[in-house]
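The values are calculated or read from the model by the stated rules, or taken from the named source; none is laboratory data. Please read all numbers here as calculations on a predicted model, not as lab measurements. For neighbour counting, all protein chains shown are included, and Cβ atoms are generated from backbone atoms with ideal geometry for every residue, glycine included. The accessibility values were calculated without ligands, DNA or RNA, using every heavy atom of the protein model including side chains. Shrake-Rupley method; radii C 1.70, N 1.55, O 1.52, S 1.80 Å.
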Amino acid sequence: MRTKLGELLFKKGLISQSQLAEALAVQAAEPKKLGLILMETAGLNLRQLNETLAEQAGIEKLELEGLSIPTDILALVPAEAASQYNVLPVGRENGRLILAMADPFDHQALGNLRMITGLSIQRRYSRPVELEKAIGHYYGSNVARMVRNLSTEEEHDADDQNGQLTASRLHELAREPSLINLVNLILLEAVESRASDVHIEPFESHVRIKYRIDGMLIEKSTSPKRLQAAIISRVKIMAGMNIAERFIPQDGHIEFNTAKGKVDIRVSTVPSVFGEAVVMRLLDRNSSLIALGELGMSSHMLEGFDVCLKRAHGIVLVTGPTGSGKTTTLYAALNHIYTPSLKIITIEDPVEYQLEGVVQMPVNPRRGLTFGRGLRHILRQDPNIIMVGEIRDKETADIAIRAALTGHLVFSTVHTNNAAGAVTRLIDMGVEPFLLASSLEGVLAQRLVRKICPSCRKRYTPDAALLASLNNSVSIPPDAPLYHGTGCDECNQTGMRGRLGIFEMLRITENLRKIIAEKPTTEQILAAAPSGYETMRHDGIEKILEGVTTAEEVLRVTQGIEDE
């Protein structure tokens, strides 16, 4: 006699006795499968349900790692069907196809695969993540497969090969359904991979497609050279760019629909030796904003930053290079202090996320709306708080500082290595030191480090020389328990998944105001930093000791800041 599903789930610790009793009561009142009820009421997920149902039905669980599958077996199931149904043919036995499935109870998939292969199916259960990885390994990614299919089609004219394409021919190529699907698939795959950017890089004999995931570039596909013009033309059409102009940089914008909602994509092209290079920045406006307390700040640093945020007036800066999370921090700060009684206006390039209750203005240089001009008009809107996306020039800096001196709280960003560098950068722009000294309240500098993947986190002993090079205001004891990721399916074998910030917070004291007014160097500012000031590397070492990130990762993002 088969063990009941509810009992199996309880034995595996996936549900409690009370959750089972509640689900059975619901089932008694309405005819519905118990598994579906438990997914709705007890937080059971589909993978857990399918795995338990397979066990109940006596379907063997198959581990795919290290498995070698003959090419004639793989050829029985087309790549598109394997990807669509998340299945993998692994062998034949007595005239039956052995099929690894994420959902062995998908009767539609089983029926279609019987028709495709002409064989009866012997089911095996495999975990969905393992299957996706194995399908990618044996068949290639969806993008790679489509590129392969397109590259086997007829060759374009000799003119196409030499890059002498007319605008009408480019439009014609870019409107081919296969090319439209390929570019859509590249974007979909990037969104599903949690990529922040897509890079299309032309070289002499091929085109490389890369995704930036957790700050690191990962090559995903290589396309034949002859598809280059068509792929780039399709992107430019989607972004509203001039398709015939290939020798000057262009910027554009795509609004891309996915199953989870709309994704805004900033597109940039630049001419290179072998054709136009494209970078697409993905901005998911539907993703939830990160709360201020979840950015990774220590409690005392968060407390100091919070004091700056609650000033009645003054200027608060966040510094760091491109892609260090400055905008995310500012959005979290605005969200943290927002109340309906405050008028908050931002000017940004572009507006990356929509904030409830905040008036957000995108810059538009083509129409003459720069940061400086927009900021002048914002001041006529009677705001309490202003956020300027970036201080790039003296005009913007002067208006922002004067706004801070006339009773407004101003937030902005500057591209500098550390917190002290923001002061010298603004003075170098031409800002009067005494005005800066009077208006500046605090500077937060930050970097993003990758987090250790929780699924493959293990204790290890890093190289002693590496630890010695990291020693700062806090050192790592030789016997400290340190961790790293060994690599698994959840993190694409990188050992890292997700990111968080490391920070340094420079609060402006009366002593520092006097020093800033005298046009100081970065070293003089650091020497006068108030007690409790900690560098980014110090913060990073604390996160290493907490087992959140690795020594290698902290050294990677702080080298060149601390070692100057």
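Listing for the model above:
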| quantity | calculated |
| --- | --- |
| Some residue of the stretch 189-210 being in a helix (DSSP H, G or I) and free of Cβ contacts under 8 Å to residues at least 12 places away in the same chain | yes |
| Any chance D284 is open to solvent by 50 Å² or more (accessible area, probe 1.4 Å), under 20 Å from D197 (Cα atoms), among the acidic types (D, E) and touching a residue at least 40 places away in the same chain (Cβ under 8 Å) | yes |
| Close pairs (7 angstrom Cβ cut-off, 6 or more residues apart or separate chains): touching a residue at least 12 places away in the same chain (Cβ under 8 Å) and within 12 Å of R47 (Cβ to Cβ) in the stretch 111-139, among the acidic types (D, E) and open to solvent by less than 60 Å² (accessible area, probe 1.4 Å) anywhere | Y125/E51; V129/D489; E130/D489 |
| Residues of the stretch 284-321 satisfying the condition of being at pLDDT 90 or above, in a loop (DSSP other than H, G, I, E, B) and within 18 Å of R447 (Cβ to Cβ) | L295, G296, M297, S298, G320, P321 |
| Per-region count, the stretch 434-472, residues over 30 Å from V129 (Cβ atoms), in contact (Cβ under 8 Å) with a residue 40 or more places away in the chain and touching a Leu at 6+ places or on another chain (Cβ under 9 Å) | 15 |
| Residue within the stretch 513-527 that is basic (K, R), in a helix (DSSP H, G or I) and within 23 Å of G325 (Cα to Cα) present | no |
| Filter result (part of a helix (DSSP H, G or I) and crowded, with 18+ Cβ neighbours inside 10 Å) within the stretch 386-406 | T396, A397, D398, I399, A400, I401, A403, A404 |
| Only one of G275, G323, G314 that is touching a residue at least 12 places away in the same chain (Cβ under 8 Å), on the phi > 0 side of the Ramachandran plot and open to solvent by less than 20 Å² (accessible area, probe 1.4 Å) | G314 |
| Residue in the stretch 412-459 that is nearest to L317 (Cα to Cα), counting only those that are of a type in the set (D, E, K, R), in a strand (DSSP E or B) and more than 26 Å from the chain's Cα centre (by Cα) | E441 |
| Listing of helices (runs of 4 or more DSSP H) fully contained in the stretch 1-89 that carry 2 or more residues being closer than 30 Å to G118 by Cβ and open to solvent by 40 Å² or more (accessible area, probe 1.4 Å) | 46-57, 71-74, 79-85 |
